[in-house]
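Single-structure report; data block below.
The values are calculated or read from the model by the stated rules, or taken from the named source; none is laboratory data. On a predicted model such as this, the values are computed, not experimentally measured, just so you know. Cβ: placed from backbone, ideal geometry, glycine included. Neighbour counts: every protein chain shown.
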């Protein structure tokens, strides 16, 4: 019987090779997770933050509607602002005269026939201001502007509406009424404010009588036009065009979006929402 004896130097070779192989597999696995898995996790978290802020902005829209339509003078909402910053962008300029448009490009220009003074104040230049959420890790922007909640990705040419404003058209012949609600967002000192993390948004409402209109043309019809012009780098023409196209009106677009409608009565109710704190 022949016995084979291992050399003392060779006895741990198999264990060393096994350890090296296991270590190599572990390092490769960690590298693959870091290379492919971690970015996916970050993207999933960023998408979750976007979805969460979409819901939060619609909640804010509902709260603002409560201030406007339910005669509630004050309201506050607590929400989590994750992965980005929520800002209040006051109107620029803070114009108190709806007939002045020389200081900056107005977002909305409303032209109508004024039966009492046709040449005096038949145009309204409206600067709505906005609530804007900008995420840290994505190029999406979510915005509340004049009652409308928009969403836009910078890498996509266009925008979409997440929740419509409270405008109304009675399309009955002979009594066609067009009701528009203008909502201005501002701060107490007309300065931009921003917040992330847990935020308690405090809001109060005031009427804006200079922008209010109630024109009853009786049995005759008059043309009302509303022109939306993107006044900042945040272009929401597509969102407003899609919303206007859902109304029984004539819509044209280009560098601006224009709505035209013939009505027997035209009503504008305008309000100022002051954000007291974030």
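In the stretch 208-216, is there at least one residue being closer than 22 Å to residue 184 by Cβ, in contact with a helix residue (DSSP H, G or I) (Cβ under 8 Å, 6 or more places away or on another chain) and in contact (Cβ under 8 Å) with a residue 60 or more places away in the chain?
No.
Please give the strands (runs of 3 or more DSSP E) falling wholly within the stretch 76-192 in which 2 or more residues are modelled with pLDDT of 85 or more and surrounded by 15 or more Cβ atoms within 10 Å (Cβ to Cβ).
The qualifying strands (runs of 3 or more DSSP E) are 108-111, 123-126, 130-135, 140-145, 148-153, 160-163, 177-187.
Please state which one of 170, 139 is more than 24 Å from residue 111 (Cα to Cα) and without any contact (Cβ under 8 Å) to a residue 24 or more places away in the chain.
139
Could we say that residue 210 is surrounded by fewer than 17 Cβ atoms within 10 Å (Cβ to Cβ), in contact with a strand residue (DSSP E or B) (Cβ under 9 Å, 6 or more places away or on another chain) and part of a loop (DSSP other than H, G, I, E, B) here?
no
Of all residues in the stretch 249-260, which are in contact with a strand residue (DSSP E or B) (Cβ under 6 Å, 6 or more places away or on another chain) and either within 17 Å of residue 229 (Cβ to Cβ) or in contact (Cβ under 8 Å) with a residue 12 or more places away in the chain (or both)?
249, 251, 252, 256, 257, 258, 259, 260
Being more than 25 Å from residue 66 (Cα to Cα) and part of a helix (DSSP H, G or I) is the filter here, so list the residues in the stretch 243-275 that pass it.
Listed by number, the list holds a single entry, 245.
Among the candidates 245, 253, single out the residue that is touching a helix residue (DSSP H, G or I) at 6+ places or on another chain (Cβ under 7 Å) and surrounded by fewer than 17 Cβ atoms within 10 Å (Cβ to Cβ). Reasoning before the result, please.
Working: 245 fails: touching a helix residue (DSSP H, G or I) at 6+ places or on another chain (Cβ under 7 Å).
Residue meeting the stated conditions: 253.
Considering the stretch 25-52 alone, what residues qualify as being within 30 Å of residue 88 (Cβ to Cβ) and either out of contact with any strand residue (DSSP E or B) (no Cβ under 9 Å at 6 or more places or on another chain) or at pLDDT 85 or above (or both)?
42, 43, 44, 47, 51
Suppose we filter 219, 147 for residues that are under 23 Å from residue 263 (Cβ atoms) and free of Cβ contacts under 8 Å to residues at least 60 places away in the same chain; which single one remains?
Details: 147 fails: free of Cβ contacts under 8 Å to residues at least 60 places away in the same chain.
None of the other options fit; the residue is 219.
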